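Heads up, the thing below is written out as structure tokens.
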């Protein structure tokens with residue numbers, strides 16, 4: 001009975017492929033959900049003419065987690081933990097998006113220290129995410145050593161996140177109104193060490209790939225897309241910037257104080273797999289610049305808002321203030337209420353535009369949370385990119401789009 | 001921000017009384033449209049440089065009627081203007097014209113809404129379930145669909161639940 | 001023991017981290033991840049198992065040659081974890097028998113290594129039937 005669920009009916013399959021496949025001229029190949037280079041549980045139904053892809057139909061949903069539904073059953077603060085697990089390479093970026101949406105909905109201000117820390121950690125997450133991408137992308141193209149190098153640096157970042165929040169990946173460190181707690185001792189030194197170390201390491205990766213003829217042969221001219229096509233199909237992030245369009249929400253629509261930082265939006269011109277690689281490499285350098293600036297200007301002051309209607313009081317107040325006890329009790333049992341209304345907050349995640357659509361109904365739980373996840377939108381471009389290429393190139397194209405299946409299916 | 005306001009005024013002029021309402025909430029501008037006006041509104045904004053359909057989703061206001069609210073967020077990458085369009089749909093046989101011909105990326109988003117809310121999109125080229133298994137019953141994100149959680153085992157009720165838990169065999 | 005190279009969600013990233021230089025699972029003779037179920041005898045279920053993925057996972061399990069073992073890595077596939085809802089199978093043990101459960105969301109790479117070593121001990125104590 002269980003097996004029957006995963007198969008498509010013949011009629012459904014007929015609608016997806018061309019007449020040539022039904023006549024037996026072309027071959028239908030199922031790729032995934034368990035495949036080493038689909039970056040998770042993506043399933044592709046390929047129609048092949050020899051080794052050339054005629055048709056590519058993605059079948060997603062194998063990691064559908066019901067996150068949006070589950071968030072509706074939790075209070076605003078508790079729903080935060082779900083966002084980490086959506087795009088699991090960019091947990092802090094998801095937290096940021098959700099927190100900004102909640103803060104917009106309830107009109108809550110965030111102190112400057114928290115804003116700068118948020119920018120700093122989000123950029124470190126961006127680097128960590130690009131490192132995973134680089135490692136697995138190279139691994140898909142059979143360059144094993146890059147994987148080993150990038151994960152070495154990623155561990156340094158994981159240690160920094162663990163230092164702040166006590167968790168390596170699912171940090172939930174940003175909360176509506178600020179941060180969970182203040183930065184720990186030794187944080188600044190750890191980040192400074194990373195900043196000193198990392199530029200050389202990027203050079204190291206570039207030495208391995210950028211001018212490597214094997215790598216260039218596998219990626220240049222593969223999966224080309226133009227800016228107009230990319231916008232039509234909803235492609236954003238580094239994939240869009242590789243087509244030559246300098247669209248980055250951190251610049252065009254700054255949030256969380258990004259307008260105070262000096263950085264560039266790297267672009268390339270061809271829109272192929274190689275350019276997407278170039279853009280991401282440069283993005284890591286720019287992120288590092290932002291981290292450096294954030295570390296220098298890290299202001300002193302409170303790390304979360306003192307609006308007691310939304311943010312719990314510090315532990316020290318509980319001993320002597322009845323009001324603090326009441327607020328604490330209220331926030332941890334019932335949670336805070338948000339007004340009736342809907343907000344839409346888009347931010348720039350490592351993969352593109354991440355948008356949070358949040359509807360409040362006056363109660364302590366969101367009525368509807370929707371995430372416009374970049375991977376979902378980007379993956380839609382895959383059939384367009386894959387058409388006419390070889391199966392071996394498809395592997396490069398999938399990884400260059402950088403889909404995270406948790407982000408696709410939610 | 002004022003840009004969005006100007007566009008909404010233009011939209012109101014173009015579509016006249018098919019724009020039912022327009023409002024501002026937290027610096028974000030939204031127009032409420034009649035269901036048959038959505039394609040025209042998208043076409044109109046598309047020609048005015050709104051080149052990216054950022055989001056297409058729905059919300060369920062059950063048990064209120066009209067029950068479903070379709071939400072479109074259009075963004076202009078050149079002007080940096082975000083406009084929301086929203087359309088209210090009835091609870092029984094909700095349907096709204098597809099905007100796939102105007103914004104091709106609406107396809108997957110519409111499939112997702114179809115899958116999760118059961119809203120029909122006449123004119124869509126490929127309306128199948130996208131996320132749930134194809135033989136799934138019901139539409140999970142509707143408010144009257146149960147969350148479907150399982151009882152949690154604690155030490156006091158561990159044995160009792162363990163007895164009826166279906167463990168797999170070899 | 002040859003694990004099957006299959007990752008589902010967040011835990012798969014930590015599984016990769018366990019293979020990477022800092023944790024280096026190869027120290028215990030575990031570096032060989034096979035992409036084909038027919039060549040592997042350990043299934044590490046790394047991540048949440050959705051209703052749509054469960055039959056696929058069971059098929060992978062059925063394709064593995066005997067003797068075979070299963071590790072449920074992380075809270076989600078041990079018991080459902082934070083996702084107690086319609087989409088997630090609450091524990092992969094409803095789909096296949098599990099030998100070792102590893103707690104954590106996601107577990108640290110050390111946690112995975114400890115789980116695998118515990119499995120080694122368990123296998124050593126097993127008797128031929």
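Any read-out appearing in this document is the output of simple, stated calculations on the displayed coordinates, not a laboratory observation. Note that the structure is predicted; figures quoted are calculated from it, not measured. Here Cβ is always computed from backbone atoms with ideal geometry, including for glycine, and neighbour counts include all displayed protein chains.
To the nearest 10 degrees, how steep is helix A:391-401 against the longest Cα principal axis of chain A, on a 0 to 90 scale?
20 degrees
Could you tell me what percent of the DSSP beta bridges with both partners in chain C are antiparallel, to the nearest 5?
If I count the DSSP bridges inside chain C, around 10 percent turn out antiparallel.
What FRET efficiency would be calculated for the residue pair residue B:95, residue B:16, taking the C-beta separation as r and a Förster radius of 22 Å, to the nearest 0.05?
0.45
Could you sort the peptides A:343-349, A:28-34 by per-residue average Cβ neighbour count (10 Å cutoff), highest mean leading?
Final packing ranking: A:343-349, A:28-34.
Averaged over peptide C:40-46, how many Cβ atoms belonging to another chain are found within 10 Å of each residue's Cβ?
0
Between helix B:2-15 and chain B, what is the angle of the helix's C-alpha long axis to the longest principal axis, kept within 0 to 90° and rounded to the nearest 10?
For B:2-15 against chain B, the angle is about 80 degrees.
Test of understanding: ordering B:70, A:281 by Cβ neighbours within 10 Å, fewest first, what list do you get?
Lowest count first: A:281, B:70.
Given the Cα atoms of chain B, and with Rh set as the inverse mean 1/r over their pairs in the Kirkwood sense, what is Rg to Rh to two decimals?
Result for chain B is an Rg/Rh of 1.13.
Shielding by partners for B:140-152, please: the mean number of other protein chain Cβ atoms within 10 Å of each residue's Cβ.
5
So what's the back-of-envelope 222 nm ellipticity for chain C, counting only DSSP H runs of four-plus at -39500 (n - 2.57) apiece and dividing by all residues, rounded to 500?
-9500 deg cm²/dmol
Looking at the square roots a ≥ b ≥ c of the eigenvalues of the Cα gyration tensor of the protein assembly as shown, which shape do they give, rounded for a/c under 1.5, prolate if a/b is larger than b/c, or oblate?
Taking the square roots of the gyration eigenvalues as a ≥ b ≥ c, the protein assembly as shown is rounded.
Could you let me know the centre-to-centre spacing of the range B:87-122 and the range A:164-229, using Cα atoms, in angstrom?
37 Å
Sorted by packing (mean other beta-carbon atoms within 10 Å per residue), highest first, where do A:123-134, A:146-157, A:62-73 land?
So the order, starting with the most tightly packed, is A:123-134, A:62-73, A:146-157.
Tell me whether the range A:186-317 comes out rounded, prolate or oblate; compute the Cα gyration tensor, take square roots of the eigenvalues as a ≥ b ≥ c, and use a/c under 1.5 as the rounded threshold.
Oblate is the answer for the range A:186-317, as a/c is 1.5 or above yet b/c matches or exceeds a/b.
Quickly estimate the mean residue ellipticity at 222 nm for chain A, helices only: each DSSP H run with n ≥ 4 gives -39500 (n - 2.57), and the total goes over all residues, rounded to 500.
-15000 deg cm²/dmol
Let's test the formula: R0 of 22 Å, r as the Cβ-Cβ distance of residue A:295 and residue A:260. What FRET efficiency results, to the nearest 0.05?
0.95
Return the average number of partner chain Cβ atoms within 10 angstrom of each residue Cβ along peptide A:84-93.
Average neighbour count from other chains, rounded to a whole number: 3.
Looking at the protein assembly as shown, send over the antiparallel percent of its DSSP beta bridges, to the nearest 5.
Antiparallel: roughly 75 percent of the beta bridges in the protein assembly as shown.
In whole Å, how far is the Cα centre of the range A:64-97 from that of the range A:140-162?
Here the answer is 25 Å between Cα centres.
Looking at the square roots a ≥ b ≥ c of the eigenvalues of the Cα gyration tensor of the range B:37-77, which shape do they give, rounded for a/c under 1.5, prolate if a/b is larger than b/c, or oblate?
oblate
In degrees from 0 to 90, rounded to the nearest 10, what is the angle of the helix A:273-297 Cα long axis to the longest principal axis of chain A?
The angle comes out near 10 degrees.
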